Amino acid sequence: MTDTAPWTPDGLSTRLAGDRTVVWASPHVAARVAARWSFPHVQALDAVPPHAEWVVVVGGGTRIDAAKLWRYDTGRRIGLVAVPSLWGSGAEVSPVAVGPGVTKRIVVDPTLVPEARVLWPELADSVPAERVRWACGDAWAHAVEGFLSPLADDAVRADGAALLARLLALPLDRDARWFEASAAACALQARASVGLVHGLAHVLEPRLAAVGDPRADHARLCATLLDPVLAFDLAQSPKAAAHFARYGVDLEAVLAIAAALRDDETLRALRPHVDAVWPDVVRDRCTRTNAASVRASSRDALLAGWPA
Amino acid sequence: MTNHDKLRDLLTDVLLLGDAEYRTDLTRREVDTWDSLAVVAIATGIEETFGYHMSEAEAMGIGGVADIIVLLEQRGIPFGD
């Protein structure tokens with residue numbers, strides 16, 4: 001886990017040699033990146049030349065995770081600089097990488113963490129408002145699930161409480177402070193675990209993607225699932241509420257944020273999918289470390305507050 | 001419901017076991033869903049069900065159902081019913 005300060009876009013230009021660095025950027029920001037940095041671009045990671053010493057990956061969490069896994073799988077001795085185009089995933093600071101596929105491949109290894117990250121808030125300017133909101137929900141899910149994790153110790157919970165207070169001061173809207181806040185949220189959960197929000201998202205994403213459902217979006221799912229999962233946790237385990245009280249977190253304010261992130265239309269559409277894949281959700285590694293135990297018989301309790 | 005019943009319900013529910021699969025001499029090695037992360041879920045469920053918070057060492061030392069029963073009995077939760 002890196003906790004070093006992010007570089008600026010200008011700082012990256014001065015730190016890396018132009019003839020040893022390549023950029024792998026998402027198409028939606030590639031022109032902007034090319035205008036700012038003179039490094040050559042590659043269209044695929046397989047095209048990174050052998051002499052390259054640095055790859056600068058610019059994009060969302062999926063693209064950053066793909067670069068992390070490419071280096072991990074190939075064993076290339078090459079530096080990685082992550083430039084998130086939107087906050088939320090925290091992939092730029094995380095020792096976890098999630099690969100694509102029907103069964104989500106999750107790798108946890110400290111060597112996955114990029115050597116550096118660049119804070120370039122303007123990249124998020126062109127992101128649609130609803131994606132911005134989902135990204136806020138992604139960060140919130142990391143923070144809440146990390147704070148409540150049964151694997152969290154006192155230090156993690158104290159840091160989590162401070163982080164939750166910090167998030168409560170941010171709008172569910174475009175704000176450059178979300179980049180650092182979401183990186184902190186990701187770092188927090190990496191010290192403990194996530195829970196049922198992520199267990200559901202990891203099982204549902206590939207199922208939805210297989211039928212071309214636009215809801216197959218990690219941040220979107222996390223944002224809307226936080227409210228029902230938090231309600232489930234509070235109903236099933238008295239410890240959940242006790243953690244909020246003990247560490248002085250304003251639970252009512254957190255619940256109001258979760259309610260604001262909830263999208264009933266999405267929950268309604270997800271309901272039959274949850275029914276169908278519930279055993280897989282129970283077995284998911286993230287679900288296993290949920291704040292409240294999740295069992296085969298828990299489905300009805302979870303779905304109780306969902307729109308029919 | 002006896003404590004044996006509560007423990008059986010918890011483990012079959014968390015580990016997705018069929019009723020016929022559960023035995024008090026069942027061990028972790030026999031259950032493919034009983035991995036290290038399932039241990040966390042079981043520990044969480046034991047706290048919710050019996051009010052006992054297992055330490056990390058206790059949780060990781062559990063080798064099967066019998067170990068859980070012995071541990072809980074040592075903490076004053078009877079299974080003599």
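None of the figures in this text is laboratory data; all of them are computed from the coordinates on show. Just so you know, these numbers come straight off a predicted model, no measurement behind them. Please note: Cβ atoms are built from the backbone with ideal geometry, for glycine as well, and neighbour counts cover all protein chains shown.
Data table
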read-out	value
For chain A, built as a Gaussian network whose Cα springs stay under 10 Å, the top-fluctuating residue of A:Gly137, A:Gly18, A:Gly61	A:Gly18
Selected from B:Val14, B:Thr44, B:Phe79, residue furthest toward positive end of dipole (chain B; charges at beta carbon)	B:Phe79
Averaged over B:47-55, number of beta-carbon atoms from partner chains that fall within 10 Å	2
Fewest-first ranking of A:Arg268, A:Arg262, using other Cβ atoms within 10 Å as the exposure measure	A:Arg268, A:Arg262
Within chain A, longest stretch free of exposed GluC sites (Glu not before Pro) [DSSP loop, at most 15 other beta carbons within 10 Å]	A:116-308
Value of [θ]222 nm, deg cm²/dmol, for chain A, DSSP H segments ≥ 4, -39500 (n - 2.57) each, nearest 500	-16500 deg cm²/dmol
Overall dimensions of chain B by Cα: Rg and Dmax, Å	11.4, 30
Nitroxide proxy distance, nm - points 7 Å out along Cα→Cβ at B:Asp25 and A:Ala176	6.9
Structure-based [θ]222 nm, chain B - -39500 (n - 2.57) summed over DSSP H runs of at least 4, per residue, nearest 500	-16000 deg cm²/dmol
Check: the protein assembly as shown dipole with +1 on Lys, Arg Cβ and -1 on Asp, Glu Cβ, in debye	960
The protein assembly as shown: antiparallel DSSP beta bridges as a percent of all, rounded to 5	25
Neighbourhood charge, 11 Å Cβ-Cβ cut-off, centred on A:Trp70 and excluding it, Lys, Arg +1 and Asp, Glu -1	+1
For the range A:215-289, with +1 on Lys and Arg beta carbons and -1 on Asp and Glu, the positive-most of A:Leu270, A:Ala231, A:Val281 along the dipole	A:Val281
Spin-label pair A:Glu53/A:Arg166, simplified geometry with 7 Å Cα→Cβ offset, distance in nm	3.2
In the range A:33-99, the trypsin sites (Lys or Arg not before Pro) that fall in loop regions by DSSP, at most 12 other Cβ within 10 Å	A:Arg77
Point-to-point label distance, B:Val70-B:Tyr52, nm (Cα→Cβ direction, 7 Å offset)	1.3
Net charge contributed by nearby residues that have their C-beta within less than 12 Å of A:Arg283 (K/R +1, D/E -1)	-1
Over the range A:1-133: Rg over Rh, Cα atoms, Kirkwood Rh	0.93
For chain A, the Rg and Dmax computed from alpha carbons only, in angstrom	19.1, 58
Distance between the range B:2-81 and the range A:28-52 - C-alpha centres, whole angstrom	53
About the Cα centre, charge dipole magnitude for the range A:91-168 (Lys/Arg +1, Asp/Glu -1 at Cβ), debye	220
Net charge of Cβ neighbours under 11 Å - reference B:Ala59; Lys, Arg +1; Asp, Glu -1	-4
Rounded to the nearest 20 debye, dipole of the range A:114-246 from Cβ charges on Lys, Arg, Asp, Glu	220
Gaussian network model of chain A, Cα within-10 Å springs - most flexible of A:Asp233, A:Asp19, A:Asp280	A:Asp19
